[in-house]
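Take a look at the structure set out below.
The values are calculated or read from the model by the stated rules, or taken from the named source; none is laboratory data. Worth saying up front: this structure is predicted, and the values here are computed from it rather than measured. Using ideal geometry, Cβ is built from the backbone for each residue, glycine included, and neighbour counts are taken over all protein chains shown. Quick note on the areas: whole protein, heavy atoms, side chains included, nothing else; ligands and nucleic acids left out. Shrake-Rupley method; radii C 1.70, N 1.55, O 1.52, S 1.80 Å.
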Amino acid sequence: MNLAQDVLKHVGGPLRDVEQGIRHALSDASKEAQELTRHLTESGGKRVRPILALLAGRLFTSQLSPVVPVGVASELIHMATLVHDDVIDRASTRRGRKSVNFLWGNHVSVLAGDALLARALVILVDGTNPAIVRIMSDMIYRTCEGEIAQHATLRRAEQSEADYYNRIEKKTALFFAACCQAGGLAVGASAKESDALWHYGRNLGMAFQVVDDLLDVDAQEQVVGKPVGHDFQSGVLTLPILYLLRDEKYSGRVTNLIGKGDAITAADVQLLLSWVRENGAIDYTFNSAKSFACDAQEALCDLPAGPTRDLLHALAESVLTREF
């Protein structure tokens with residue numbers, strides 16, 4: 001049995017309930033808002049965040065109806081961040097389809113993202129408890145902080161690895177942590193178990209984002225769904241690039257490329273990628289992701305043993321190969 005089949009075996013029914021909840025989230029909205037939401041829903045996605053919430057709850061019970069609102073809200077929040085990201089990045093496509101901002105314009109897209117965030121919070125208020133509402137609300141705030149930090153560090157060659165890790169923790173990892181923690185709390189996880197779920201999700205999210213940044217410099221465009229080297233061309237300096245900047249052989253040349261700003265060409269990007277592949281940045285970045293994945297697996301020791309914990313352990317491993 002493969003990983004996807006194993007996930008469906010554990011949480012397939014509740015995941016279908018989440019999917020239905022996503023599709024009906026804005027059923028009382030205007031026709032245009034409903035069309036926009038349908039476009040987002042039909043654009044696919046692995047539903048990683050709802051799956052994490054459901055699996056966290058599945059550690060304790062098979063009755064996962066209390067976790068479904070967490071799953072629905074988490075995916076709506078994720079959709080909202082994607083819409084806002086595409087506006088900021090002026091992206092014309094998302095997952096191989098036209099982006100919302102391309103089809104409806106920036107004005108409508110920003111409002112749609114806001115509407116999704118607001119509806120997610122209403123679902124959490126109506127369907128969960130104050131502790132979960134606070135966890136998810138604080139996560140949204142931290143995510144915005146991470147986006148602001150990323151903007152502040154665009155093309156800033158002097159930033160440190162600590163800056164990078166702080167940024168991706170806020171942009172990605174704390175979302176994973178919140179979903180895991182909220183999923184457990186929804187079905188009565190203890191404080192110790194809730195803490196373990198947070199650490200599992202946080203480290204899983206860190207590994208997930210580091211691998212994503214690695215793929216941007218070491219994958220094919222059809223794998224990542226965007227041009228390889230897109231982050232660098234956009235001014236976002238990820239771990240492989242920061243590692244390259246510490247190498248005296250390359251630091252001056254990389255700094256010069258960064259200084260070109262919007263004038264960076266596709267040929268410049270290809271040159272940079274060749275340097276990344278020469279100097280050991282690929283292995284260094286992968287080992288960083290592997291360390292976070294191992295920390296996620298270690299956090300599972302404080303959670304109930306059984307098939308679900310084994311699956312969560314496997315998911316941490318699978319992040320490294322992007323099966324998950």
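It is to be established whether one or more residues within segment 247-258 are in a helix (DSSP H, G or I) and among the small types (Gly, Ala, Ser). Within segment 247-258, one or more residues are in a helix (DSSP H, G or I) and among the small types (Gly, Ala, Ser).
HIS313 passes every criterion in (1) in contact (Cβ under 8 Å) with a residue 24 or more places away in the chain; (2) open to solvent by 60 Å² or more (accessible area, probe 1.4 Å); (3) not hydroxyl-bearing (Ser, Thr, Tyr) apart from (1). A residue that is of a type in the set (S, T, N, Q), touching an Asp or Glu at 6+ places or on another chain (Cβ under 9 Å), at pLDDT below 95 and assigned to a helix (DSSP H, G or I) occurs nowhere in segment 290-303. Can you find a residue that is open to solvent by less than 20 Å² (accessible area, probe 1.4 Å), touching a residue at least 60 places away in the same chain (Cβ under 8 Å) and more than 30 Å from ALA196 (Cβ to Cβ) anywhere in segment 266-274? The answer is no, given that none of the residues of segment 266-274 is open to solvent by less than 20 Å² (accessible area, probe 1.4 Å), touching a residue at least 60 places away in the same chain (Cβ under 8 Å) and more than 30 Å from ALA196 (Cβ to Cβ).
Residues in segment 92-101: is at least one under 19 Å from the mean Cα position of the chain (by Cα), open to solvent by 30 Å² or more (accessible area, probe 1.4 Å), at pLDDT below 95 and within 22 Å of ALA4 (Cα to Cα)? The answer is yes, given that some residue of segment 92-101 is under 19 Å from the mean Cα position of the chain (by Cα), open to solvent by 30 Å² or more (accessible area, probe 1.4 Å), at pLDDT below 95 and within 22 Å of ALA4 (Cα to Cα). Among the criteria (1) modelled with pLDDT of 95 or more; (2) surrounded by fewer than 19 Cβ atoms within 10 Å (Cβ to Cβ), the one PRO240 does not fulfil is (2). Just one of the numbered conditions (1) open to solvent by 70 Å² or more (accessible area, probe 1.4 Å); (2) hydrophobic (A, V, I, L, M, F, W, C); (3) within 16 Å of ASP216 (Cα to Cα); (4) assigned to a loop (DSSP other than H, G, I, E, B) is not true of PHE286: (4). Evaluate the following for PHE175: is it touching a helix residue (DSSP H, G or I) at 6+ places or on another chain (Cβ under 7 Å), in a helix (DSSP H, G or I), among the aromatic types (Phe, Trp, Tyr) and within 19 Å of PRO240 (Cα to Cα)? It is false that PHE175 is touching a helix residue (DSSP H, G or I) at 6+ places or on another chain (Cβ under 7 Å), in a helix (DSSP H, G or I), among the aromatic types (Phe, Trp, Tyr) and within 19 Å of PRO240 (Cα to Cα).
Which residue out of GLN150, GLN159, GLN181 is more than 18 Å from the chain's Cα centre (by Cα), crowded, with 17+ Cβ neighbours inside 10 Å and touching a residue at least 12 places away in the same chain (Cβ under 8 Å)? Walk me through it before giving the result.
Numbers: GLN150 fails: more than 18 Å from the chain's Cα centre (by Cα); GLN181 fails: more than 18 Å from the chain's Cα centre (by Cα).
Answer to the check: GLN159.
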